[in-house]
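Take a look at the structure set out below.
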Amino acid sequence: MIVAERKPMEEICAMLSPHSKILVAGCRSCVAICLAGGEREVASLSEALRLYSDLNSMGWDIVETTVERQCEAEWVDELAPMMEGRDAFLSMACGVGAQKVRERFPDVMIYPGLNTSNMGAPAEQGKWDERCGGCGDCVLHLTGGICPIARCAKGMLNGPCGGSQEGRCEISPETPCAWQEIYDSLKRLGRLDLLEATIDPKDWRPSRSGGPRRIVKESAVLSEEEMEWKR
Amino acid sequence: LVHRVVCFACENSAVHLIPEEVCLITLPCSGRVEVRHVLRAVREGADAVLVLGCLEGNCRYHIGTIEARRRVSEARELLVQIGAGDRVMFRNLAPNHPARVKRVMEEVNKLIDTVGRNPLGAKK
């Protein structure tokens, strides 16, 4: 899931200050799970914005809604009736959702209500840990199921650096050393032999270094005729 | 001037002991209170919002008081961030705690003295 957190209220209020008719919209997917942009968070934020508006005579007219997924055009379409007459849209989805809304409603100013952080998973209630760096060239089969890209501060591919002390990373005593975890995992699996092999320098082209990425699954792509039929 | 206090209280806590001048909203469980309820009360002019739950571990629904405490702290964070001041309080009270209710009401008044009256109250 994509993990995000709400921007500070000061920043949100400053962004919205030139506007009067604002639509706040959440997303019931990842950001609802990480308690940042679901129905409940949208209700809290909208009420806080109304209160801020009353206290500071901003005259904001705040309307709120939450869609199933802001990252898919079909669900974004549902916003159309509420978008009428709005001069600002505050997206409580991840950066992907906010951009999909902009593509569908290019004449409305879009503001991000959240800071999108990473691809992670819940560790315990209220805590989410990063798990995947989206490098486009997965090596989990070589590293005992533990990602050295996302979980090692230096993204080391062949063992720990000198900052690994008693299983902890030098960046913080709370951060486990990914390579200690990789070693423990491979030992448990009886596959320490995997550590004998050198992992070649990584091809970073499928990662962010190659610019915006597009995945194409040819079998799912519609031909022009099929597109016409679907329309 | 009488302080405007809104109290969201679990029906199993000390609801019948809350003074008459407090705007009392009884809930089946304190865990039913949402952040937006607290903020709305402040927007309607409340000088302070008190959320009352049962004693810890006594919640009929097991986690109601934990949820309520969490939401009150979230509401407090939002109130402070938008400059409305910390004017929300969560307390655990049982129906047989008249002396403690009195103390809590004194704490509420002290909270209002510290944070000041709600400027929106005068407009209502």
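No value in this document is a laboratory result; all are computed from the given coordinates. These figures come from a predicted structure and were not determined experimentally. Neighbour counts run over all protein chains shown; Cβ positions are idealised from the backbone, glycine included.
Considering the protein assembly as shown, what Rg and Dmax in Å follow from its alpha-carbon atoms?
Calculated on Cα positions, Rg and Dmax stand at 25.6, 79 Å.
Just going by the charge dipole of chain A, with Lys and Arg at +1 and Asp and Glu at -1 on Cβ, which of A:Trp204, A:Leu192, A:Ile149 is farthest out on the positive end?
A:Leu192
Using DSSP to define loop residues, name the trypsin sites (Lys or Arg not before Pro) in the stretch A:127-198 whose beta-carbon has at most 16 other beta-carbon atoms within 10 Å. Working shown, then result.
Numbers: sites: A:Lys127, A:Arg131, A:Arg151, A:Lys154, A:Arg168, A:Lys187, A:Arg188, A:Arg191; in loops: A:Lys154, A:Arg191.
Filter output for the stretch A:127-198: A:Lys154, A:Arg191.
Can you list the GluC sites (Glu not before Pro) in the stretch A:25-120 that are in a DSSP coil and have 16 or fewer other beta carbons within 10 angstrom?
Passing both the DSSP loop test and the Cβ count: A:Glu68, A:Glu72, A:Glu84.
With no solvent and one equal point scatterer placed on each C-alpha of the stretch A:122-192, evaluate the Debye formula and give log10 I(q)/I(0) for q = 0.12, 0.13, 0.14, 0.15 Å⁻¹, two decimals.
Relative scattering, expressed as log10 I(q)/I(0), comes to -0.31, -0.37, -0.42, -0.49.
Kindly provide the helix-only [θ] at 222 nm of chain A, computed as the sum of -39,500 (n - 2.57) over DSSP H runs of four or more divided by all residues, to the nearest 500 deg cm²/dmol? Display every interim value, and only then the final one.
Numbers: 9 runs with 71 residues, N = 231.
Value at 222 nm, helices only: -8000 deg cm²/dmol.
I'd like the GluC sites (Glu not before Pro) in the stretch B:17-123 restricted to DSSP loop residues with at most 14 other Cβ atoms within 10 Å, sorted by number. Before the final figure, lay out each step's value.
Working: sites: B:Glu20, B:Glu21, B:Glu34, B:Glu44, B:Glu56, B:Glu67, B:Glu74, B:Glu77, B:Glu106, B:Glu107; in loops: B:Glu20, B:Glu21, B:Glu34, B:Glu44, B:Glu56.
Within the stretch B:17-123, the qualifying GluC sites (Glu not before Pro) (loop, at most 14 other Cβ atoms within 10 Å) are B:Glu20, B:Glu21, B:Glu56.
Given a cut-off of under 8 Å on Cα pairs at least six residues apart, what relative contact order in percent is computed for the stretch A:55-200? Don't jump to the answer; show the numbers that get you there.
Numbers: 169 pairs, mean separation 19.0, N = 146.
About 13 percent, as a whole number.
State the answer as a single residue: which of B:Cys29, B:Leu17, A:Met109 lies farthest towards the positive end of the charge dipole of the protein assembly as shown, with beta carbon charges of +1 for Lys and Arg and -1 for Asp and Glu, about the Cα centre.
My answer, from the dipole projection, is B:Leu17.
In a Debye calculation with equal point scatterers on the alpha-carbon sites of the stretch B:31-124 and no solvent, what is log10 I(q)/I(0) at q = 0.12, 0.17 Å⁻¹?
-0.38, -0.75
Take the cross-link list A:Lys127/A:Lys154; A:Lys202/A:Lys230; A:Lys7/A:Lys230; A:Lys187/A:Lys217; A:Lys7/A:Lys217; A:Lys100/A:Lys217 and give me the ones stretching past 32 Å between alpha-carbons. Please report the intermediate quantities before stating the final value.
Working: A:Lys127/A:Lys154 22 Å; A:Lys202/A:Lys230 41 Å; A:Lys7/A:Lys230 40 Å; A:Lys187/A:Lys217 37 Å; A:Lys7/A:Lys217 35 Å; A:Lys100/A:Lys217 20 Å.
Distance filter (> 32 Å) returns A:Lys202/A:Lys230; A:Lys7/A:Lys230; A:Lys187/A:Lys217; A:Lys7/A:Lys217.
Where nothing but the Cβ of Lys and Arg (+1) and of Asp and Glu (-1) is charged, how large is the charge dipole of chain A around its Cα centre, in debye to the nearest 20? Write out the running numbers ahead of the final one.
On the way: 27 positive and 36 negative charges, 96 e Å.
Using only the charged Cβ atoms, the result is roughly 460 debye.
What number comes out for the charge environment of A:Arg104, summing +1 per Lys or Arg and -1 per Asp or Glu over other residues with Cβ under 15 Å away? Could the numbers behind the result be given before it?
Values: positive: A:Arg69, A:Arg86, A:Lys100, A:Arg102; negative: A:Glu68, A:Glu72, A:Glu74, A:Asp77, A:Glu78, A:Glu84, A:Glu103, A:Asp107.
Summing Lys and Arg as +1 and Asp and Glu as -1 gives -4.
So what is log10(I(q)/I(0)) for the stretch A:82-132 at q = 0.20, 0.25 1/Å, when the Debye sum runs over its Cα atoms only?
Each listed q maps to, in turn, -0.71, -0.90.
Give me B:Arg36, A:Arg69 sorted ascending by neighbouring Cβ count inside 10 Å, so fewest comes first.
Numbers: B:Arg36 23, A:Arg69 17.
Ranking B:Arg36, A:Arg69 by Cβ neighbours within 10 Å, fewest first, gives A:Arg69, B:Arg36.
For a quick check, take a GNM of chain A with Cα springs below 10 Å and name the residue from A:Leu186, A:Leu79, A:Leu55 with the largest mean-square fluctuation.
A:Leu55
Considering only C-alpha atoms, what is the centroid distance from the stretch A:109-184 to the stretch B:41-115, in Å?
Between the Cα centres of the stretch A:109-184 and the stretch B:41-115 lies a distance of 39 Å.
What's the whole-number percent of alpha carbon pairs in the stretch A:55-204 lying beyond 20 angstrom?
Values: 6995 of 11175 pairs.
Distances greater than 20 Å cover 63 percent of the Cα pairs.
Taking the Cα centre as origin and putting +1 on Lys and Arg beta-carbons and -1 on Asp and Glu beta-carbons, what dipole magnitude results for chain B, to the nearest 20 debye?
Working: 19 positive and 14 negative charges, 33 e Å.
The calculation lands at about 160 debye.
Over the Cα atoms of the stretch B:24-73, compute the convex hull volume and normalise it per residue, giving Å³. Please list the in-between numbers first.
On the way: hull volume 3.6 nm³, N = 50.
Cα-based convex hull of the stretch B:24-73, divided per residue, equals 72 Å³.
Can you name the helices of chain A, as whole DSSP H runs, whose Cα span along the helix axis is 18 Å or more and whose Kyte-Doolittle mean is not below 0.0?
Numbers: long enough: A:39-56 (25 Å, -0.40).
Within chain A not a single helix satisfies the rule.
For the residues A:Lys7, A:Lys217, what sequence is obtained by ranking on other C-beta atoms within 10 Å, fewest first? Walk me through the intermediate numbers first.
Working: A:Lys7 19, A:Lys217 6.
In order of increasing Cβ crowding within 10 Å: A:Lys217, A:Lys7.
What does the C-alpha gyration tensor say about the overall shape of the stretch A:1-96? Classify as rounded when a/c is under 1.5, otherwise prolate if a/b is larger than b/c, or oblate. Numbers along the way, then the final one.
Values: a/c = 2.14, a/b = 1.37, b/c = 1.57.
Here the stretch A:1-96 falls in the oblate category.
Kindly put A:Cys135, A:Cys152 in sequence by how many other C-beta atoms sit within 10 Å of each C-beta, fewest to most.
Values: A:Cys135 19, A:Cys152 24.
The most exposed by this proxy come first: A:Cys135, A:Cys152.
Of A:Cys94, A:Ser46, A:Met82, which is farthest towards the positive pole of the stretch A:1-128's charge dipole, taken about the Cα centre with +1 and -1 on the beta-carbons of Lys, Arg and Asp, Glu respectively?
A:Cys94
Using Cα springs under 10 Å in a Gaussian network model of chain A, which residue among A:Ser53, A:Ser44, A:Ser172 shows the largest mean-square fluctuation?
Greatest mean-square fluctuation among the candidates belongs to A:Ser172.
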